[in-house]
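Peer 1: Dropping a structure here in structure tokens format, bear with me for questions.
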Amino acid sequence: MAIPQTQSHTHSGELSEDRRAEWRALLGQLTNQGARLRFFPHRAVMFLALAQSRDTDARNTLIDRAQATLDDFDRLVRGFTVDPAVFGIEKTLYSHLGLFLAPHRAMFDATTERFSKDCASLIRSMRMGGAPEALFELSDYVAVTLLERMNAFVELFTAELSRASEEGNSRLTGWLSDLDRLNNSVYMISINAAIQAARSGEAGRAFGVIANEVNDLSGQVKRITSTIRLNLIGG
């Protein structure tokens with residue numbers, strides 16, 4: 001279920017010219033952070049799926065990496081919700097961000113809290129030797145529901161960036177189209193990742209290749225969003 005596309009409560013026209021430029025810069029940053037926010041759950045699930053087919057030492061290392069990824073995810077969630085220091089956001093702009101996100105907070109909180117809780121529970125279970133069925137269920141949730149909702153959040157930021165920008169022209173449209181194409185690729189890879197997680201065992205060894213591809217795509221997303229910031233909002 002996608003996030004309803006309600007009208008934003010925050011309008012750049014309500015800000016001074018300097019504040020408007022800061023708001024555009026913030027939106028560009030949040031577009032990038034939003035891309036990271038949806039990437040971390042896939043990364044955590046991949047580490048857990050890989051851990052199933054490894055010996056004890058390698059298994060524990062992969063589970064530790066899944067825990068570190070979950071910690072990164074939780075830190076980003078705090079940045080969007082309660083702790084502007086995570087993103088280095090000035091308090092006045094953070095209040096605008098709060099208004100902008102207000103219509104979508106219930107969905108955001110429910111989505112991120114479910115993943116965080118289920119992933120933490122699965123990590124604890126796997127440290128004790130178990131729960132492939134729980135891994136499949138979490139993979140399915142991440143690959144379909146969570147990704148769809150996180151995509152919708154990124155679309156909110158990019159739409160507001162386009163509206164707030166004084167150069168909402170074909171360059172922006174082209175860059176965002178590139179971002180959309182990459183997002184679609186990430187989605188297909190995540191579906192394949194869920195299937196591999198379900199199979200587990202020896203098939204889990206193919207996860208290394210999938211993880212590298214997702215990492216490469218994540219890097220491309222970051223470079224494209226950086227280009228948007230540098231060319232439209234001055235860095």
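The values are calculated or read from the model by the stated rules, or taken from the named source; none is laboratory data. Note that the structure is a prediction, hence the values are computed from the model and not measured. Here the Cβ is made from the backbone with ideal geometry for all residues, glycine too, and neighbour counts use every protein chain on show. With ligands, DNA and RNA removed, areas are computed over all heavy atoms of the protein, side chains included. Shrake-Rupley method; radii C 1.70, N 1.55, O 1.52, S 1.80 Å.
Peer 1: Pick from Gly34, Gly13, Gly28: which is under 24 Å from Leu93 (Cβ atoms), modelled with pLDDT of 85 or more and in a helix (DSSP H, G or I)?
Peer 2: Gly34
Peer 1: Can you name the residue in the stretch 31-70 that is among the β-branched types (Val, Ile, Thr) and within 26 Å of Phe87 (Cα to Cα) and is also surrounded by the most Cβ atoms within 10 Å (Cβ to Cβ) among such residues?
Peer 2: Once the filter is applied, the top-ranked residue is Val45.
Peer 1: (1) on the phi < 0 side of the Ramachandran plot; (2) not in a helix (DSSP H, G or I): which one isn't true of Gly129, the others all being true?
Peer 2: Failed condition: (1).
Peer 1: Follow-up. Within the group Leu146, Leu161, Leu122, which residue is at pLDDT below 90, open to solvent by less than 60 Å² (accessible area, probe 1.4 Å), part of a helix (DSSP H, G or I) and in contact with a helix residue (DSSP H, G or I) (Cβ under 7 Å, 6 or more places away or on another chain)?
Peer 2: Leu161
Peer 1: Give the number of residues within the stretch 71-119 that are farther than 23 Å from Ala49 by Cα, open to solvent by 70 Å² or more (accessible area, probe 1.4 Å) and touching a residue at least 24 places away in the same chain (Cβ under 8 Å).
Peer 2: Within the stretch 71-119, residues that are farther than 23 Å from Ala49 by Cα, open to solvent by 70 Å² or more (accessible area, probe 1.4 Å) and touching a residue at least 24 places away in the same chain (Cβ under 8 Å) number 3.
Peer 1: Is it the case that some residue within the stretch 170-181 is at pLDDT below 85, assigned to a loop (DSSP other than H, G, I, E, B), of a type in the set (Asp, Glu) and closer than 24 Å to Leu101 by Cβ?
Peer 2: no
Peer 1: Ok, one more. So how many residues does the stretch 117-164 have that are more than 18 Å from the chain's Cα centre (by Cα) and among the basic types (Lys, Arg)?
Peer 2: Here the count works out to 3.
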